[in-house]
Structure formats: C-alpha cells, structure tokens
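Visitor: Sending over a structure as structure tokens; questions will come in a sec.
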Amino acid sequence: MIPLFKKSATLAGAALMTCSLFGTAHAADFPAKDKVITIVVPFAAGGPTDRVARDLAEAMRKPLGGISIVIDSAAGAGGSIGANKTAKAAADGYTLLVHHIGMATMPTLVRNIPFKVESDFEYLGLINEVPMTLIAKPTMAATNYKELSTWINDNKSKVNLGNAGIGSASHLCGLLFQNAIKVDMTTVPYKGTAPAMTDLIGGQIDLMCDQTTNTTSQIEAKKVKAYGVTTAKQLATPALKDLPTLASVGLNNFEVTVWHGLYAPKGTPADVLAKLNGALKVALKDPDFIKKQEGLGAVVVTDKRVDPAEHKKFVSAEIAKWSPIIKAAGVYAD
Ligand code: ASP
C-alpha cells in the first residue's frame with residue numbers, strides 16, 4: 001500500500017513540475033486538436049455501461065472543444081480488465097474509464113484484482129444512479145414474483161442465472177438474490193449484460209438481474225418478463241411503474257442501486273483533471289443526455305456529486321457499506 005501511494009504522489013508531482021518548467025503547460029494544450037480521448041468501457045458493447053459511456057462521450061465532446069472521444073471496449077473479468085487497463089495507461093488525460101458500482105464491490109467480491117481502486121485512479125465525478133430489475137426469459141410461465149419463487153424452488157440448481165462476470169453489478173445482485181432466497185442457482189457469466197440479454201431473450205438462460213438502462217426497452221417490448229425492482233421505492237418510468245419492489249414481495253431490505261463514475265489514471269495532472277471535470281459537469285446538464293438517461297430509468301447526479309472529492313468519498317463509503325454485506329453473505333469469489 002504505502003509504496004504505491006508514494007509512487008503515485010511522485011508521478012503526479014513530476015507531471016506538474018514538467019508543466020511549470022517548460023512553459024508549454026500540458027493543460028494549456030489539453031485537449032490537443034490532433035489527439036483523441038479514449039473512454040475505456042469494461043463491459044460488452046450495447047450494455048448499460050457502454051450506453052452511459054457513449055452518451056457521455058457525445059455530451060463531453062462540445063465542452064472539450066469538439067475533440068473526438070472514442071470508446072475502447074475492454075470487456076471481461078467482471079469489469080476488472082478495463083479498470084486495470086486504465087490504471088496502467090498514460091496519465092495524460094487521454095485515457096478515461098467509465099465504471100460502475102463494481103469499483104466498490106469488486107475488491108470484496110473478487111479476492112485478487114490487479115489494481116487498487118482507492119489509489120490507482122483519479123476520481124473525476126459521479127455520473128448517474130440506475131435501479132436494477134429482476135427479469136426472466138420470455139417463456140417463463142410465472143406471472144408474478146410469488147410464482148417465480150415457487151418455480152425457482154422447484155428447479156434450484158437447474159436455474160441458469162446470467163451475469164456480466166464475477167465482480168459485476170449483475171453478479172452482486174444475483175448473489176444477494178440467491179442468498180436472500182437460499183437457493184444456489186447455476187450462474188452463467190458473460191462479458192457484459194448485452195450478450196446475456198440476447199441469451200435470455202433466446203431462452204438459453206432463465207434469469208438475470210440488470211440495470212434498467214438495459215432492461216426497460218426489452219420489458220416494454222415484452223421480450224423478457226419482469227418481476228421486481230431493486231430500489232426501496234417503485235419507479236416512475238412508465239414501462240416499469242407497475243413493478244413491485246423486491247423488498248415488498250418478501251426479500252427483506254433487498255436494495256441495490258448501480259451508480260457510474262468517471263476515472264483517469266493516477267497521476268494525471270491536476271489542471272487536466274480540472275478541465276475534464278468541468279466538461280463532465282457541462283455534459284451532465286446537457287438536456288439530451290438527461291432525457292436519454294431518464295427515459296431508461298437512470299437519474300443523472302447533481303453538480304455537488306460531480307466532484308472528485310465527493311466521488312472518492314462516495315466510493316470509500318460504498319466499499320465500507322458493501323464489504324460487510326458481501327462478507328456476511330459469504331458471496332465472494334476467487
Ligand atoms: N450491467 C452489467 C453489470 O451487470 C455491466 C454491463 O454489461 O454494462 O455489471
């Protein structure tokens with residue numbers, strides 16, 4: 001731990017010194033017109049994380065002077081491949097990461113991740129909060145949660161529960177669900193919930209717990225069946241407003257809300273970070289961005305939370321919140 005912090009501090013210091021010594025301050029030119037900003041997405045294309053990153057890239061482009069912002073799909077290992085890739089990338093502001101609640105739960109859910117969430121990244125601000133829904137293949141006969149739980153109890157380990165890999169939000173939600181109903185199902189990991197959704201619609205898997213940003217349109221089109229939401233209150237989104245909370249149908253205190261944040265590699269110069277944070281703040285007020293997110297059940301965070309210190313404080317609080325829950329449930333993986 002200690003050498004890592006020291007190394008990071010030295011790198012950041014060196015970057016800032018370079019700026020002042022050579023006059024052509026890094027941040028004054030940032031972002032350079034001939035460069036491209038890459039946002040690393042740690043889950044499969046077309047899924048919830050990819051969707052928020054693409055919408056964000058579009059909204060951040062203008063406040064960053066029209067620079068191209070591309071998505072690098074570095075999916076796999078429950079989001080840790082993309083996070084690790086970003087942690088090891090050049091700390092120059094041209095590589096960023098959009099990641100979700102997994103940044104706080106992965107360190108407890110997965111024992112050996114190759115990076116340190118709290119010391120290998122610069123925190124740029126939170127983006128949104130997204131509820132999850134418990135959904136099933138379209139041929140599932142159960143018409144409500146009670147019937148679904150009877151079917152699960154009748155089939156137990158024969159039930160195939162999809163997720164986006166160990167350490168992902170769907171993994172966390174699925175593990176908490178299995179723990180709450182005391183049934184061990186067969187979990188089927190994918191590189192993201194976009195491919196898992198394809199298999200759920202096709203009936204290759206039976207169940208999944210996933211963000212509304214991926215499930216709303218499929219529920220609306222009746223391509224999947226929905227049985228409940230993971231929030232404390234029912235949702236206002238038209239397609240989801242009749243879904244009960246899972247807590248109200250017998251899963252006591254069952255509550256998971258996914259959030260996303262923007263990160264840069266540790267050591268990115270402070271003034272570059274300030275420019276990126278400014279662009280993020282503008283992007284999150286973009287009416288198009290807000291409309292797209294709200295239409296899918298997500299809530300865009302307010303200005304106060306689009307703050308590096310607040311973001312970091314929040315992630316630390318989420319680690320402290322989830323770590324004992326995951327440990328008590330005994331749901332971590334190697
Ligand atoms: N929804 C996924 C998860 O369960 C991530 C994704 O596919 O974007 O974590």
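Visitor: Residues of segment 36-62 being more than 17 Å from LYS292 (Cβ to Cβ) and either more than 12 Å from the ligand (Cβ to nearest atom) or out of contact with any Gly (no Cβ under 9 Å at 6 or more places or on another chain) (or both), which ones?
Guide: VAL36, ILE37, THR38, VAL40
Visitor: What number goes with the only condition from (1) in a loop (DSSP other than H, G, I, E, B); (2) surrounded by fewer than 20 Cβ atoms within 10 Å (Cβ to Cβ); (3) in contact with a Gly (Cβ under 6 Å, 6 or more places away or on another chain) that GLN204 does not pass?
Guide: Of (1) in a loop (DSSP other than H, G, I, E, B); (2) surrounded by fewer than 20 Cβ atoms within 10 Å (Cβ to Cβ); (3) in contact with a Gly (Cβ under 6 Å, 6 or more places away or on another chain), only one is false for GLN204: (3).
Visitor: In addition: Residues that are buried (at least 19 other Cβ atoms within 10 Å of the Cβ), away from the ligand (no atom under 11 Å from the Cβ) and among the charged types (D, E, K, R): which strands (runs of 3 or more DSSP E) entirely in segment 83-199 hold 1 or more of them?
Guide: Where strands (runs of 3 or more DSSP E) fall fully within segment 83-199 and carry at least 1 residues being buried (at least 19 other Cβ atoms within 10 Å of the Cβ), away from the ligand (no atom under 11 Å from the Cβ) and among the charged types (D, E, K, R), they are 121-136.
Visitor: Additional query: Collect the residues in segment 286-321 that are among the small types (Gly, Ala, Ser), assigned to a helix (DSSP H, G or I) and under 14 Å from GLY261 (Cβ atoms), keeping them in residue-number order.
Guide: ALA309, SER316, ALA317, listed by residue number.
Visitor: With at pLDDT 95 or above and assigned to a loop (DSSP other than H, G, I, E, B) as the only criterion, which of ALA57, ALA53, ALA45 stands out?
Guide: Of ALA57, ALA53, ALA45, the one residue that is at pLDDT 95 or above and assigned to a loop (DSSP other than H, G, I, E, B) is ALA45.
Visitor: Looking for something in contact with an Asp or Glu (Cβ under 7 Å, 6 or more places away or on another chain), at pLDDT 95 or above and of a type in the set (S, T, N, Q) - is there at least one such residue anywhere in segment 189-196?
Guide: Among the residues of segment 189-196, at least one is in contact with an Asp or Glu (Cβ under 7 Å, 6 or more places away or on another chain), at pLDDT 95 or above and of a type in the set (S, T, N, Q), which makes the answer yes.
Visitor: Looking at segment 207-221 only, could you name the residues that are under 22 Å from GLU147 (Cβ atoms) and within 9 Å of the ligand (Cβ to nearest atom)?
Guide: MET208, CYS209, ASP210
So that you can scan it fast, the table gives a plain yes or no per residue for (1) at pLDDT 95 or above; (2) surrounded by fewer than 18 Cβ atoms within 10 Å (Cβ to Cβ):
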position	(1), (2)
VAL229	yes, no
VAL258	yes, no
TYR263	yes, no
LEU273	yes, no
GLY278	yes, yes
VAL300	yes, no
LYS304	no, yes
ILE326	no, no
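Visitor: Here is a list of conditions, (1) surrounded by fewer than 16 Cβ atoms within 10 Å (Cβ to Cβ); (2) without any contact (Cβ under 8 Å) to a residue 60 or more places away in the chain; (3) away from the ligand (no atom under 16 Å from the Cβ), and GLY250 meets all of them except one; can you say which number that is?
Guide: The number of the failed condition is (2).
The values are calculated or read from the model by the stated rules, or taken from the named source; none is laboratory data. The structure displayed is predicted, hence computed values, not measured ones. Cβ coordinates were reconstructed from backbone atoms using ideal geometry, including for glycine residues, and neighbour counts include every protein chain displayed.
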